[in-house]
1. Could you size up the charge dipole of segment 59-159 around its Cα centre, putting +1 on the beta carbon of Lys and Arg and -1 on that of Asp and Glu, and report it in debye to the nearest 20?
2. With the crude spin-label approximation of a point 7 Å out along Cα→Cβ, what separation in nm comes out for Arg118 versus Thr224?
3. If the label point is 7 Å along Cα→Cβ of Tyr148, which residues in segment 99-120 have backbone nitrogen under 18 Å from it?
4. Suppose the chain between Ile293 and Gln44 were pulled fully straight at 0.36 nm per residue; how much longer would it get relative to their current alpha carbon spacing?
5. Round to a whole number: what % of the accessible area of segment 147-255 belongs to carbon and sulfur, probe 1.4 Å?
6. Where the accessible area of segment 33-115 is counted over protein heavy atoms with a 1.4 Å probe, how much of it, in %, is carbon and sulfur?
7. Quick one: which residues, 5 or more positions from Ala74 or on another chain, have an amide H under 5 Å from its amide H? H modelled 1.01 Å from N in the peptide plane, none for Pro or chain starts.
8. Longer than 20 Å from Cα to Cα, which of Lys128/Lys199; Lys128/Lys221; Lys199/Lys229; Lys128/Lys170; Lys170/Lys229; Lys206/Lys229 are they? Say none if no pair is.
Amino acid sequence: MRKIIYLSIITCLLTILSCSDFLELNPNDQLFRENFWQTEKDAQLALTGVYNQLRNAPSYNHGRILWDGLSDAAYSRLYNTIARGVIESTTGSIVSGIYSESYVLIGRCNNFLANIDRVEIDVDEKNKYKGEVLFLRALAYFTLTEFYGGVPLYTAPVTMEEAKVKQSAKEQVIQQVLTDLDQAISYLPDTAYRGHAVKGSALALKAQVLMHNEQWPEAAKTATLIIEKGIFRLSDNYPDLFLSEGQINNPEILFSVRFLNPDAPCNTSIDQNPDLIAAHDLTIEPIQEYIDIFECIDGLPWNESPPLQSGGYV
């Protein structure tokens, strides 16, 4: 009896193996590489996946405000040691976080750009998608150069073995950033910002990259293009930049990370996050010298404004 059972099991296994060619290996209700990149909806889902890294990574979402604690504009309890220049191989925290989060974004961008041409959609629409992703890859690499200088440079998906490349010089990385941005500028629509990167977003990032790398004439020329188009301008109400309702279609915002309830909620907001609110053990707070830079509503410095000098509120 035992032999018959064993023979039955072996027979079943051989039957399954022999029929494997006829089986549907990938479930139809899940996404796999083999059944993806077929429709425009797939392309849109992939694009959303790229943007989603901005929402998930503190280096690119509202957690970015904590970076001020690394400068002379604010004090941060979290980064006090790092701000004093004490960085070791085991420091971790923001030192390793920016690095890893940026490469996750770069990996998603590379994967998108390597596969988007497999989808048959309108050429202009496809180029717009490409432009958005090229902008995001440029943003990630520029962020890396700001903190680490030269970094490994990847412009296509790589295997674990292929990922072991030498560090590229900062100049080489910046050149790739500018190349990506120029291509993005040629692809993106020249419209107001509504949640997806547009031409003005890429022009603004390019101007910033050029300024930070001391290419002053080129930076001025790029910034002038934004001004002359008139699509973006300074907001008439400064506090609106920090309020949810004031940020909607605000002409001063060239690019931002948007959180949309209930599908893409923000886990915390500035006024709810205990790491950001005023408290006795405040995580981050502006230093007095930075506060004093701001003008009063009459346009005068704090030490010259008559209402403030007379004890009033400004």
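1. 200
2. 4.5
3. 99-111
4. 85.3 nm
5. 55
6. C and S atoms contribute 51 percent here.
7. Placed amide hydrogens put Ile287 under 5 Å from Ala74.
8. Pairs exceeding 20 Å: Lys128/Lys221; Lys128/Lys170; Lys170/Lys229.
The values are calculated or read from the model by the stated rules, or taken from the named source; none is laboratory data. Since we're looking at a predicted model, the values are computed, not measured. Note: ideal-geometry Cβ built from the backbone for every residue, glycine included; neighbour counts use all protein chains shown. For the accessible areas, the whole protein counts, side chains as well, though only heavy atoms, and no ligand, DNA or RNA atoms are used. Shrake-Rupley method; radii C 1.70, N 1.55, O 1.52, S 1.80 Å.
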